[in-house]
Amino acid sequence: MAVKNEETCLVTGANAGLGRATASRLAETGAQVVMVCRDSARGKTAKDEIVSGTKNDSIELLIADMSSLASIRRLADEFAENHPSLDVLINNAAVFTSQRIVTQEGFEQMFATNYLGPFLLTRLLIPNLERGKASRIINVTAPSTTRPNLGDLQGERKFSPLRAFGASKASQLLFTYALARRLEGRGVTVSAYHPGIMKTDLNRTAPAPARLISGMINLFAGKPPSVAAEGLVNLATSEVPAETSGRLVHDGKIIRAPFIEDKGLQDGLWRISCGLVGVEETV
């Protein structure tokens, strides 16, 4: 059994790709890892393999659909029942769809899964994070320059798959900046992490030209999830300097982040998001 480091880490999208590699690497450090997966069978397989490979049996599986606010509320309640505190929250789950799909709750799926769901989960778990030890929130995203249209966040009037995906990743950045400002001095850092070009099947439903381009990039420049996970785990487990809060990190360095000075856009998205998920604007 791995030596326990007593930290509790929650990772979404943990049954495959970067999420699974991150959960496995965290387990190797001896942390108690809570894996959040949408599919119970795939999640159980991933959990069992991580336990077997790391000899760390402090691995827990929780099932939730990150595009469903109701499912996320159940997830937060289930987590809080057994874990009064949380040290690391890694919002990693993401999807790409080639057409506009609306969830049962009426949200565009990429907007809901990549941004709104993690927004709600984070808000619900802030009390647990504040009871942790120098806790941190890490949003896995990218330096997207696609400016979210606050008047049409879910592409109801005009929809483009690539633009919707890019806007969802930019929204994660805006959320990182806004939340970092609101949690300053409260013992919780909020960082965005860019894994870089990585071998992934995220774009498997993209139009053929986009799949071809991304496939070539993955083949010749993409790094495996296990390598991309190293930087993420370092950010999650090492002593995090104050200057990384509210910043975008890649390969251990703070990099240029789009919209970081646009507090009007950050706060506008914050207000809309709070209304959509039904939480107070104050944290």
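The values are calculated or read from the model by the stated rules, or taken from the named source; none is laboratory data. Note that the coordinates shown come from a computational prediction; the quantities given were computed from them, not determined experimentally. Positions of Cβ are backbone-derived with ideal geometry, glycine not excepted, and every protein chain shown enters the neighbour counts.
Does segment 133-141 include one or more residues that are in a loop (DSSP other than H, G, I, E, B) and at pLDDT below 95? Yes: one or more hits. Do you know which of the residues in segment 219-248 that are in a helix (DSSP H, G or I) and β-branched (Val, Ile, Thr) is nearest to the chain's Cα centre (by Cα)? The residue in question is 233. Here residue 93 fits the description: crowded, with 24+ Cβ neighbours inside 10 Å, touching a residue at least 40 places away in the same chain (Cβ under 8 Å) and not in a helix (DSSP H, G or I).
The set of residues in segment 261-283 that are aliphatic (A, V, I, L, M), assigned to a loop (DSSP other than H, G, I, E, B) and closer than 22 Å to residue 151 by Cβ contains only 279. Exactly one residue among 12, 8 is crowded, with 22+ Cβ neighbours inside 10 Å, of a type in the set (Ser, Thr, Tyr), at pLDDT 95 or above and out of contact with any helix residue (DSSP H, G or I) (no Cβ under 8 Å at 6 or more places or on another chain), and that residue is 8.
Among the numbered conditions (1) more than 22 Å from residue 73 (Cα to Cα); (2) more than 15 Å from the chain's Cα centre (by Cα), the only one that residue 131 does not meet is (1).
Would you be able to say whether some residue in segment 249-258 is outside any helix (DSSP H, G or I), of a type in the set (Gly, Ala, Ser), in contact (Cβ under 8 Å) with a residue 12 or more places away in the chain and closer than 21 Å to residue 126 by Cα?
Checking segment 249-258: not a single residue is outside any helix (DSSP H, G or I), of a type in the set (Gly, Ala, Ser), in contact (Cβ under 8 Å) with a residue 12 or more places away in the chain and closer than 21 Å to residue 126 by Cα.
Among the residues of segment 161-189, those that are farther than 25 Å from residue 235 by Cβ and either in contact with a helix residue (DSSP H, G or I) (Cβ under 9 Å, 6 or more places away or on another chain) or of a type in the set (Val, Ile, Thr) (or both) comprise 161, 162, 164.
Suppose the filter is within 23 Å of residue 164 (Cα to Cα) and free of Cβ contacts under 8 Å to residues at least 12 places away in the same chain; does residue 72 pass it? Against the criterion (within 23 Å of residue 164 (Cα to Cα) and free of Cβ contacts under 8 Å to residues at least 12 places away in the same chain), residue 72 does not qualify.
No other residue among 184, 156 is more than 16 Å from the chain's Cα centre (by Cα), in contact (Cβ under 8 Å) with a residue 60 or more places away in the chain and in a loop (DSSP other than H, G, I, E, B) apart from 184.
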